[in-house]
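Every read-out reported here was derived from the displayed coordinates using simple, explicitly stated rules and does not represent laboratory data. Quantities reported herein were computed from a predicted structural model and do not represent experimental measurements. Quick reminder, even Gly has a Cβ in these numbers, built from the backbone with ideal geometry, and neighbours come from all protein chains shown.
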Amino acid sequence: MPTNWAYVFAAYGIAAIVLLGYWRHLARRARALAARPAAKARVA
Amino acid sequence: MTYARRAWIVFYKDLVIERRSKEQTNALLFFCVLLLFLFQFALGPDRERLAAALPGLLWLGLILAGLLGLGRSFLAERENDCWEGLRLTPGDKSAIYLGKLAGNCVLMTAVEIVLVVLFGVFYNVDLWTPAAPLALVLALGTVGLAAVGTLFAAMTTHVRARELLFPVLLLPVQVPVLLATVSATQALLLGQPLADVAHWLKLLAGADLVYVTIGLLTFEFVLEG
Amino acid sequence: MTRVLGWLAALGLLAGLAAGFGYAPREAVQGNVQRIMYLHVPSVLTAYLAFGLVLLGSIAYLATRRPGWDRLAGSAGEIGVLFTGLTIVSGSIWGKPTWGTWWTWDARLTSTAVLFLAYVGYLLLRSLIDDPDARGRYAAVVGILGAVNIPIVHFSVKWWRALHQPSTILGPEPSPIDPAIGLALFINWVAFTLLFAYFLSRRMEIARLEEQT
């Protein structure tokens, strides 16, 4: 039975990219929302 | 005014409108004829292959017709500014759902009969011998399709990209109905007795019960706003 | 609270990796490819947790009309789709060397794919409605129907497959009799659940802030 490590790394790699990507996506949205009220306060 | 009467009024109104204008039924029936040709051209002249695929094609045709016909369930109300009228109806709103569901079942049944007859004639398949059990399978499947279709039609009436969203929402829910009806139809066309497909019938009946119940319970929430 | 969850999740995932690669033994039949299970199974379990929360949030929103419930439903739905996608991809990658094919219409894969489609539709519906109240109501109806449909889909697909393939093929699931495998799986499942809780917490906060502006 061949070792097939490539498949294992592919699966875990994709999972890591997706999960990390989603985490950064959340972080970016949170930052954008935090900046908005500050901008509104400055304008108002 | 009783609940049943209100449901009947909705059903009767749609029936009368359709009988007078005939626009929807004519178009749908013509669509069935087109499907006949479409399937023939897509599957080529191989008679065996077409006969083997028949159960699937029958239900595929019905779903396609359903996507066109069911999505428009509440179009008349929307276009003629009658939506408010629906919202302001006193009493249990689910009576409206029931009336619309009945109307849609009648519509889908008409489409089915046409499809079955056309398929029988043009594809030269014996659909007469298993007619009774086949009718049962189709009836159960129709209720399942119409139950969710009516609910989602009401929902998507006011949403952007309505024509795209309706199929996208409806099709995943219809997977069990599709699998059950096609499998059961296939077995029946192969000459198997009704008892052999009992588990599919039970699944369909159970699913129908669930879908109609949810429709009745949640329709009022869809009707608001 | 969220930050604590985040750190716990990170720790859990590291522990899970260690358990999956270091502690758990090499599986006898499939070899090391079986280790994908420590990613695949927790993913699908987390997805089910997510969709359970969608159901809960949907019913609660229709009953109470409190926006917090709709935020729960929407956030859980988004993360659930994420983990379902992960389940399908990891399952597919696992299947290639073990079954010889990227995809097969076996009962489990098919059911999961239908699940994925149903909830992508749910997210699509949410994205198309701007009014928060209408969005909450409509999404709740679709969410409830989708959740209730899951067992119906499961049985219909299972019986459908039984017609075409009477014997179950070697599925990518070795009997977890080996306690080491079971433990590694458990650790990874806990880690994924913590990660889910962390994502959910952040996503709901974002939803709350969005509604304020």
For the protein assembly as shown, what number of Lys pairs, 8 or more residues apart or on separate chains, have alpha-carbon atoms under 22 Å from each other?
6
Listed residues C:Trp94, C:Trp160, C:Trp103, most fluctuating in chain C (Gaussian network, C-alpha, under 10 Å):
C:Trp160
Take the Cα atoms of chain B, find their three principal axes, and give me the spread along each one in whole Å, biggest first.
55, 34, 29
Karplus ³J(HN,Hα) for segment C:41-50 (6.51 cos²θ - 1.76 cosθ + 1.60, θ = phi - 60°; Hz, whole; x = Gly/Pro) runs 5, x, 4, 5, 5, 5, 4, 5, 4, 4
Can you give the Kirkwood hydrodynamic radius for segment C:58-135, in Å, rounded to one decimal and based on Cα pairs?
14.2
Highest-MSF residue in chain C out of C:Pro179, C:Pro132, C:Pro25 [GNM, Cα springs under 10 Å]:
C:Pro179
Using the eigenvalues of the Cα gyration tensor, what equivalent ellipsoid semi-axes result for chain C when each is taken as the square root of five times the eigenvalue, whole Å, largest first?
33, 23, 12
So what J values fall out for segment B:204-214 if you push phi through Karplus, 6.51 cos²θ - 1.76 cosθ + 1.60 with θ = phi - 60°, rounded to Hz, Gly and Pro as x?
4, 4, x, 4, 4, 4, 4, 5, 5, 4, 4
Based only on Cα atoms, what Rg/Rh ratio does segment B:118-225 have, Rh being taken as Kirkwood's radius?
1.07
Let me check against my output: what whole-number percent is the relative contact order of chain B, with C-alpha pairs under 8 Å and at least 6 apart?
28
Taking the Cα centre of chain C as origin and charging only Cβ (+1 Lys, Arg; -1 Asp, Glu), how large is the dipole, in debye to the nearest 20?
60
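Got the relative contact order for chain C handy, in percent, Cα pairs under 8 Å and 6 or more residues apart?
For chain C, the relative contact order is 41 percent.
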Segment C:90-138: C-alpha gyration tensor shape, a/c 1.5 cut-off, then a/b vs b/c
prolate
For segment B:1-114 the mean separation of alpha carbon contacts under 8 Å (6+ apart) over residue count, i.e. relative contact order in percent, is 52
GNM top mover of C:Thr46, C:Thr193, C:Thr101 - chain C, alpha-carbon springs below 10 Å:
C:Thr101
Give me log10 I(q)/I(0) at q = 0.07, 0.08, 0.09, 0.10 Å⁻¹ for the protein assembly as shown, Debye formula, one equal scatterer per alpha-carbon, no solvent.
-0.45, -0.58, -0.72, -0.87
